[in-house]
Amino acid sequence: MEINRRHFIALIVGGAAGINATPLPWKSTDDIAIWTQNWPWVPVPPTGEFSHVKSVCTLCPGGCGIEVRKVDDRAVKIEGRTDYPVNPGGICPLGMGGLQLLYNESIRFTGPMKRVGPRGSGKFIAITWDEALSTIADRISDLRKQERPEALAAIDGNPTGSTMASMIERLLKAVGSPNYVRIPSAEDTCRMTNLVMQGTENPMAYDLENADYILSFGSGLLEGWGAPGRVMNAWGLWHEHTAKRTVRVVQIESRASNTASKADQWLAPKPGTEAALALGLAHVIIKDRLYNADFVDAYSFGFNNWASSDGKNHMGYKAMVLNSYSPDQVAEITGLRPKNIVDLARDFAGAKTPIATCGKGKGYLNGSLYEFMAVQSLNALVGNINMPGGVLVGDPPPLSPLPEIQKDAIASEGLKKPRLDHAGGRRYPFSKSLISNLAQTIIKSPKSPVNTLLVFSANPDFTLPDGGVFREALKKIPFIVSFSPYQDETSDMADLILPDHTSPEKTDDGGWPTGLQYPLYGISKPVVKPVYATRHSGDVIMQLAKRLGGSVGSSFPWKKYDDVLKERAKGLFDAQAGLVHYDGSVPAWKRLRERGSVTPDYKTFDDMWKKIKAGGLWYLPVHAYKNWERLFKTPTGKFEFFSTRIELAFNDYALKISEETALKNMGIAEKGDAVFMPHYEPALSDADRSAYPLLMMPYEMINLASGWTPNPPYLNKTIFDNQLRKDESFAEINPKTASKYRLKEGDRVIIKSPTGTVQVRVNLFEGAMPGIVYLPLGFGHTAYDEFSRGKGVNPNDIIHVEKDPLSGHPVWWNTPVQLIKV
């Protein structure tokens with residue numbers, strides 16, 4: 001694979017046109033060619049016939065279009081597609097490096113395997129697919145014979161709404177287990193926010209390209225947030241014609257990230273106080289009467305004080321904000337100046353199409369529910385809900401639902417059992433799954449309630465911000481099956497490996513791309529034949545179901561996974577809308593803004609399906625703007641500043657116990673009507689802050705994979721030597737903080753939390769907030785190959801687990817620590 005300076009720079013900037021300053025500094029690349037020649041698996045084929053295959057990247061939820069260059073049957077290069085609406089020509093470093101994950105036998109499983117060494121040793125021997133399928137089928141059959149189907153659990157990292165996610169959950173339900181658990185992400189928090197304030201569980205859809213003021217609450221716009229190719233292209237659009245720019249970007253973040261450094265304005269509140277800042281902005285907007293009265297007065301509920309049907313008076317959002325979140329009060333909480341809060345509020349409300357975004361870093365980790373509600377309330381105040389340049393409310397792609405599951409008596413009884421993670425119960429009414437609770441349940445039980453665990457597209461041993469709690473839980477589970485194509489940390493703990501294909505080897509869909517403002521269904525296709533003896537996990541699920549037989553087998557009537565994709569796609573055709581071709585002449589976001597209509601560019605279902613498989617997409621660049629009178633599906637039919645869903649759920653829980661106990665169990669410090677509205681919840685910790693006077697906060701980089709996929713090895717050459725030097729990673733520490741501990745650049749230091757310790761070197765960084773220690777996510781692997789294993793530390797290992805109020809997800813941004821000089 002040729003890597004010259006031009007390609008390298010294109011990789012770093014994501015191919016986004018018009019970016020006048022790169023979002024990531026680069027190093028000299030003179031030695032890359034020499035360095036890469038030492039890799040035996042580098043795709044440098046002999047001369048042959050050139051060809052190009054168009055597909056969709058599924059390495060992250062962004063779903064960018066890609067074009068793969070081939071020489072004969074060998075893939076040699078991945079580029080962004082210009083004929084795909086999500087990312088016009090752009091692609092992130094991980095996507096461009098996907099071939100190094102495809103051809104690297106050092107990090108992949110080459111076929112099914114079973115463990116022969118101690119758990120965690122990574123010692124396996126090859127077995128046949130027949131033996132592998134028989135082994136897992138026998139275990140599940142035994143659980144059903146024992147009438148314990150709920151002892152089967154699955155952890156899924158596939159995108160929400162994807163066909164693979166549907167198939168995995170379907171298998172669990174057909175067997176009779178309620179314990180389908182997902183990897184948490186910011187999208188989960190977005191969906192909860194939309195549910196309690198707008199009445200729908202769709203993800204946030206940000207019309208970034210049509211906005212003129214972007215107020216980002218920690219969103220890593222240049223670190224890989226959303227669909228990276230799309231967001232970086234939007235950044236280029238915002239910065240076109242520098243002298244005539246009309247778009248302003250403001251970053252709210254405690255650290256000078258690339259996004260903060262390149263933004264027009266950067267404000268650095270204390271970590272975890274973003275909700276207070278958003279409410280402080282709301283105070284100014286309300287006090288100065290800068291809010292959109294048309295929307296607030298007619299289409300929102302709970303803004304003003306109100307009386308319920310039982311005659312009880314309730315405080316409204318306006319009164320709460322004016323009483324508790326003045327600029328002076330918020331300045332005390334956040335550390336910002338009152339004038340900065342006032343000026344920011346007026347600028348935001350004065351813009352024509354302002355939008356406030358949330359989801360820290362890449363959005364791979366969950367957020368705080370009340371914080372997200374506070375940010376969304378800003379969008380509501382300025383009337384930019386479902387308006388051009390705002391947060392759009394629409395329906396996902398109209399895929400057909402799969403047929404009803406066939407449940408026998410065993411499955412029916414198993415599904416009545418409570419979930420092991422307690423998600424969806426009275427204590428966590430809005431959470432769909434809580435993997436941290438699952439781990440705690442396993443650890444606290446004398447015997448693991450999970451007998452067999454299936455893990456799909458996830459590496460929770462490494463990625464969960466839980467201080468190693470899940471790793472301890474894995475040790476207690478009798479049997480673990482990994483479907484990962486990669487030799488990752490969780491797979492090392494497995495007893496059986498049934499390896500999936502990698503992204504370039506399979507057909508799959510990826511759900512609605514994160515943050516995209518119009519419905520899009522993207523589907524990848526194989527660009528090469530499977531390199532090793534792996535199988536598509538969708539096909540494996542169906543093969544497993546057929547071996548189980550009975551009602552489980554009949555719940556999977558399809559012959560192959562492609563048939564499932566095709567069946568779901570019938571809903572797209574039945575909608576009689578959408579396009580399956582994009583030529584790039586008119587960007588989808590511009591078509592959306594122009595409010596035109598769309599005539600389908602296909603005639604029959606077979607015609608549509610053929611074109612979807614060829615081009616990889618169906619999309620609908622049409623939107624019904626405003627529509628406020630019919631938009632919201634809340635109990636009141638309006639946007640709710642005061643969430644009646646939260647009130648109903650809380651009252652239902654408090655009936656069983658007391659209000660005080662309910663608040664305590666839900667982790668809520670506030671009392672009264674404020675509980676049901678966006679508000680600031682101070683971070684509560686049982687740690688002794690005198691012993692742990694500092695805070696540790698992880699951060700993400702666009703050129704370092706921090707999710708479940710490995711980092712392409714050649715991206716190591718983009719890491720600076722004050723981020724990773726040989727095998728040691730660095731912590732960013734403000735010089736003022738370092739001086740208190742007599743630390744200088746390059747010193748070795750132990751970072752200790754109540755959960756554990758790591759040793760790093762010191763990088764003095766003026767962009768780090770005093771009192772905060774910042775560690776990069778993505779280092780610290782104990783698996784993979786020599787380019788990842790043993791390189792640096794994983795900040796997740798020392799996170800002191802606390803729970804976010806109401807949602808129950810982990811709080812990962814406020815771990816108390818101390819520094820010990822080595």
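The values are calculated or read from the model by the stated rules, or taken from the named source; none is laboratory data. Predicted model, so just to flag it, every value in this text is computed and none were measured. Methodologically, a virtual Cβ is constructed for each residue, glycine included, from the backbone with ideal geometry; neighbour enumeration extends over all protein chains shown. The area values use the complete protein model at the heavy-atom level, side chains included, leaving out ligands, DNA and RNA. Shrake-Rupley method; radii C 1.70, N 1.55, O 1.52, S 1.80 Å.
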Pairwise label distance in nanometres, Glu105 with Ile443, each label 7 Å out on the Cα-Cβ vector:
3.9 nm
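Roughly how many debye, to the nearest 20, is the charge dipole of segment 731-822 about its Cα centre, given +1 on each Lys and Arg Cβ, -1 on each Asp and Glu Cβ, and no other charges? Show your work: numbers first, answer last.
Working: 11 positive and 9 negative charges, 87 e Å.
It works out to roughly 420 debye.
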Quick one: give the max-minus-min coordinate of the C-alpha atoms of the chain along each principal axis, largest first, in Å.
69, 66, 62
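Which of the three applies to segment 714-803, rounded, prolate or oblate, going by the alpha-carbon gyration tensor with a ≥ b ≥ c and a/c under 1.5 meaning rounded? Please report the intermediate quantities before stating the final value.
Values: a/c = 2.01, a/b = 1.26, b/c = 1.60.
The shape class here is oblate.
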Expected unfolding gain across Glu413-Asp606 under the 0.36 nm per residue rule, minus the alpha-carbon gap, is 65.4 nm
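Could you calculate the FRET efficiency of Ala691 with Asp264 from 1/(1 + (r/R0)^6), where r is the beta carbon distance between them and R0 is 45 Å, rounded to 0.05?
Numbers: r = 40 Å, r/R0 = 0.90.
Calculated transfer efficiency: 0.65.
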So what's the gap between the Cα centers of segment 692-754 and segment 260-289, to the nearest angstrom?
27 Å
Which one, Ser400, Ser412, Pro388, is farthest towards the positive end of the dipole of segment 382-471 when Lys and Arg carry +1 and Asp and Glu -1 on their Cβ?
Ser412
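On a full-extension model of 0.36 nm per residue, what is the gain between Glu404 and Lys560, subtracting their alpha-carbon distance, rounded to one decimal in nm? Show your work: numbers first, answer last.
Working: separation 156, 0.36 × 156 = 56.16 nm, distance 1.83 nm.
Length gained between Glu404 and Lys560: 54.3 nm.
Hey, could you get me the Stokes-Einstein D for segment 569-720, Kirkwood radius over alpha-carbon pairs, 20 °C and 1.002 mPa s, rounded to whole µm² s⁻¹? Don't skip to the end; give the middle numbers.
Numbers: Rh = 22.2 Å.
After rounding, the answer is 97 µm²/s.
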Any idea of the accessible area per residue across segment 229-270, 1.4 Å probe, to the nearest Å²?
39 Å²
Using the beta-carbon distance between Asp721 and Asn313 and R0 = 60 Å, what value does 1/(1 + (r/R0)^6) give for FRET efficiency, to the nearest 0.05?
0.45
Calculated FRET efficiency for the pair Asn627/Phe50, C-beta based, R₀ 51 Å, to 0.05:
0.55
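Rounded to the nearest 20 Debye, what is the dipole magnitude of the chain about its Cα centre when Lys and Arg each give +1 and Asp and Glu each give -1 at the C-beta?
Working: 93 positive and 88 negative charges, 80 e Å.
Value, rounded to 20: 380 debye.
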Which distance in Å, rounded to a whole number, links the C-alpha centroids of segment 526-544 and segment 72-99?
22 Å
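So in the chain, what percent of DSSP beta bridges are antiparallel if you round to the nearest 5? List each step's numbers first, then the result.
Numbers: 47 of 90 bridges.
Roughly 50 percent of the DSSP beta bridges within the chain come out antiparallel.
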Debye log10 I(q)/I(0) at q = 0.09, 0.17 Å⁻¹ for segment 49-208, Cα point scatterers:
-0.50, -1.22
In whole percent, how big is the carbon plus sulfur part of the accessible area of the chain, probe 1.4 Å, protein atoms only?
50 percent
Compute the distance in nm between two label points, each set 7 Å from the Cα along the Cα-to-Cβ direction, one at Asp288 and one at Thr128.
7.5 nm
When the charge dipole of the chain is computed with +1 at the Cβ of Lys and Arg and -1 at the Cβ of Asp and Glu, the Cα pointing farthest to the positive end, of Ala575, Ala705, Leu143, is that of Leu143
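Determine the alpha carbon to alpha carbon distance for each of Lys717/Lys752; Lys717/Lys744; Lys312/Lys671; Lys506/Lys566 and list only those over 20 Å. Write out the running numbers ahead of the final one.
On the way: Lys717/Lys752 29 Å; Lys717/Lys744 25 Å; Lys312/Lys671 16 Å; Lys506/Lys566 15 Å.
In this structure, Lys717/Lys752; Lys717/Lys744 exceed 20 Å between Cα atoms.
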Which one, Leu322, Thr47, Thr755, is farthest towards the positive end of the dipole of the chain when Lys and Arg carry +1 and Asp and Glu -1 on their Cβ?
Thr755
Within the chain, helix-based [θ] at 222 nm, where runs of 4 or more DSSP H residues each add -39,500 (n - 2.57), nearest 500
-9000 deg cm²/dmol
Sequence-distant residues sharing a close amide H with Val811 (under 5 Å, placed H)
Glu802, Lys803, Asp804
